[in-house]
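The values are calculated or read from the model by the stated rules, or taken from the named source; none is laboratory data. Since this is a predicted model, take the numbers as computed values, not measurements. Positions of Cβ are generated from backbone atoms using ideal geometry, with glycine treated the same way; all protein chains shown enter the neighbour counts. For the accessible areas, the whole protein counts, side chains as well, though only heavy atoms, and no ligand, DNA or RNA atoms are used. Shrake-Rupley method; radii C 1.70, N 1.55, O 1.52, S 1.80 Å.
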Amino acid sequence: MSIKITNDCINCGACEPECPNKAIYEGGKKWRMSDGTSLKKGSNINYDPTLFNNPIKNNIYFIIKEKCTECIGFYDEPQCIEICPVNCCILDKKNIETKKDLINKKLFLHG
Ligand code: SF4
Ligand code: SF4
């Protein structure tokens, strides 16, 4: 499952550079599927991954669930959970994914 950031986030920014998929964005920032991935316009998908999307949160950092793989393929543990000083990166139980799903997501994002 993906990780989510709770309202306890203190906007320290420590998690953002640690994410291997660039799935974490500062509040108020627009995000793209192509950021930090190998997705390109014309990839075998029915949308343009280089288009910017509106922020999900404006006041705290947020995670794009379609880009979070629990760090599978890069690290043994979710890096945002490891580094967050206030433990506000937690498993998102509304977005359950198996290890196989996460491996496939990683392959989709990075080819
Ligand atoms: Fe990024 Fe890993 Fe955190 Fe998911 S678990 S948001 S892939 S750092
Ligand atoms: Fe927020 Fe934790 Fe990320 Fe800092 S490390 S920006 S507190 S989620």
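Is at least one residue of region 96-109 of a type in the set (S, T, N, Q) and more than 11 Å from ligand 1 (Cβ to nearest atom)? Steps first, answer last, please.
Of the residues in region 96-109, the ones of a type in the set (S, T, N, Q) are 98, 104.
Next, only the ones that are more than 11 Å from ligand 1 (Cβ to nearest atom) stay: 98, 104.
Yes, because at least one residue in region 96-109 is of a type in the set (S, T, N, Q) and more than 11 Å from ligand 1 (Cβ to nearest atom).
Name the residues in region 54-69 that are in contact with a strand residue (DSSP E or B) (Cβ under 7 Å, 6 or more places away or on another chain) and within 17 Å of Glu97 (Cβ to Cβ), would you? Result: Ile63, Ile64, Cys68. Residues in region 84-96 that are at pLDDT below 95 and over 14 Å from the mean Cα position of the chain (by Cα) were compared, and the one that is farthest from Asn46 (Cα to Cα) is Lys93. Whether a residue is within 13 Å of the chain's Cα centre (by Cα) and either among the hydroxyl-bearing types (Ser, Thr, Tyr) or at pLDDT 95 or above (or both) was assessed, and Ile60 does not pass this test.
Counting just the residues of region 84-95 that are open to solvent by less than 60 Å² (accessible area, probe 1.4 Å) and within 13 Å of ligand 1 (Cβ to nearest atom), which one comes out farthest from Cys12 (Cα to Cα)?
Pass one, region 84-95, residues open to solvent by less than 60 Å² (accessible area, probe 1.4 Å): 84, 86, 88-89, 92, 95.
Remaining after also requiring within 13 Å of ligand 1 (Cβ to nearest atom): 84, 88-89, 92, 95.
Details: Cys84: 9, Cys88: 11, Cys89: 13, Asp92: 21, Asn95: 25 Å.
Among those residues, the one meeting the criterion is Asn95.
Counting only residues that are part of a loop (DSSP other than H, G, I, E, B) and either buried (at least 18 other Cβ atoms within 10 Å of the Cβ) or away from ligand 2 (no atom under 15 Å from the Cβ) (or both), how many does region 66-83 have?
Let us first name the residues in region 66-83 that are part of a loop (DSSP other than H, G, I, E, B), namely 66-78.
Subsequent filtering for residues that are either buried (at least 18 other Cβ atoms within 10 Å of the Cβ) or away from ligand 2 (no atom under 15 Å from the Cβ) (or both) retains 66-76, 78.
Final tally of qualifying residues: 12.
The one condition from (1) open to solvent by 60 Å² or more (accessible area, probe 1.4 Å); (2) modelled with pLDDT of 95 or more that Tyr47 does not meet is (2).
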